[in-house]
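Student: Can you keep this structure in mind? I'll have questions shortly.
The values are calculated or read from the model by the stated rules, or taken from the named source; none is laboratory data. On a predicted model such as this, the values are computed, not experimentally measured, just so you know. Using ideal geometry, Cβ is built from the backbone for each residue, glycine included, and neighbour counts are taken over all protein chains shown.
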Amino acid sequence: MGKFLTQYKEALERAKAENRQIRAGAVPVDSLGRYLILGRFMGQARGRDGELVDVMTHELPSGKVSEHQSLETATLRNVYRETGLNLSAEAILGYLDHFDYEFRFVRGPGKKTQFNFLVYAGVNPAVETKRGFSWAFPNEFTGNGYHLSPETKGILTLPKIEQILALRKQSA
């Protein structure tokens with residue numbers, strides 16, 4: 001199993017017992033302390049002036065965890081698949097937290113649990129994605145046109161991120 005298993009074991013067992021889809025997500029951070037957030041086009045809506053505007057939501061790179069795959073391995077695979085960042089296991093700086101959510105499908109609700117890790121993306125990382133993306137400092141995610149779910153906002157504002165980064169800086 002994974003390096004950080006003791007930190008998320010109970011939540012993982014609960015999610016499996018509730019037959020939830022297990023997902024692994026990441027907060028990529030660069031050498032400047034900026035976080036990578038992905039944009040997803042949700043459609044168009046009429047603005048205050050009546051003009052059509054694109055509606056975006058912003059989320060963390062994430063995806064399904066395959067059977068018999070650790071959350072850490074899935075995190076690295078999902079970061080690569082969604083951003084083109086090819087990171088090694090050493091890039092995973094720590095486990096952050098998880099959140100539960102549901103998606104509504106034609107066939108009924110889909111219950112999911114997403115486990116999130118902090119990953120170091122390096123100096124001037126080159127992101128390759130067809131989706132929109134932004135590197136931004138944590139204080140820039142409030143307002144500034146970022147539409148975050150409460151769960152994503154909760155992960156991005158965890159004091160634990162700063163604690164992990166401070167420990168990393170001390171050991172460097």
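Student: So, in the stretch 58-79, how many residues would count as being touching a helix residue (DSSP H, G or I) at 6+ places or on another chain (Cβ under 9 Å), outside any loop (DSSP other than H, G, I, E, B) and not charged (D, E, K, R)? Show your work before the answer.
Tutor: We begin by selecting, within the stretch 58-79, every residue touching a helix residue (DSSP H, G or I) at 6+ places or on another chain (Cβ under 9 Å); these are 58-66, 69-73, 76, 79.
Filter once more, keeping what is outside any loop (DSSP other than H, G, I, E, B): 58-59, 62-64, 71-73, 76, 79.
Cutting the leftovers down to not charged (D, E, K, R) gives us 58, 62-63, 71, 73, 76, 79.
Selection size over the stretch 58-79: 7.
Student: Check the stretch 140-155 and report whether any residue there is part of a strand (DSSP E or B) and in contact (Cβ under 8 Å) with a residue 40 or more places away in the chain. Can you show your working first?
Tutor: Of the residues in the stretch 140-155, the ones part of a strand (DSSP E or B) are 148.
Among the residues that remain, those that are also in contact (Cβ under 8 Å) with a residue 40 or more places away in the chain are: 148.
Yes; the residues of the stretch 140-155 include at least one that is part of a strand (DSSP E or B) and in contact (Cβ under 8 Å) with a residue 40 or more places away in the chain.
Student: Please verify whether the stretch 137-158 includes one or more residues that are at pLDDT 90 or above and over 30 Å from residue 5 (Cβ atoms).
Tutor: yes
Student: Would you pick out the residues in the stretch 15-43 that are basic (Lys, Arg) and farther than 10 Å from residue 113 by Cα?
Tutor: Filtering the stretch 15-43 for residues basic (Lys, Arg) gives 16, 20, 23, 34, 40.
Listed by number, the residues that qualify are 34, 40.
Student: Hey, can you tell me all the residues within the stretch 119-135 that are aliphatic (A, V, I, L, M), surrounded by 14 or more Cβ atoms within 10 Å (Cβ to Cβ) and at pLDDT 90 or above? Steps first, answer last, please.
Tutor: Going residue by residue through the stretch 119-135, those that are aliphatic (A, V, I, L, M) are 119, 121, 123, 126-127.
Of the ones still in play, those that are also surrounded by 14 or more Cβ atoms within 10 Å (Cβ to Cβ) are 119, 121, 127.
Once the filter is applied, which keeps residues that are aliphatic (A, V, I, L, M), surrounded by 14 or more Cβ atoms within 10 Å (Cβ to Cβ) and at pLDDT 90 or above, the stretch 119-135 yields 119, 121.
Student: For the stretch 38-58, name all the residues that are crowded, with 19+ Cβ neighbours inside 10 Å and either farther than 13 Å from residue 127 by Cα or aromatic (Phe, Trp, Tyr) (or both). Walk me through how you get there before you give the answer.
Tutor: To start, the set of residues in the stretch 38-58 that are crowded, with 19+ Cβ neighbours inside 10 Å comprises 38, 58.
Across the stretch 38-58, the qualifying residue is only 58.
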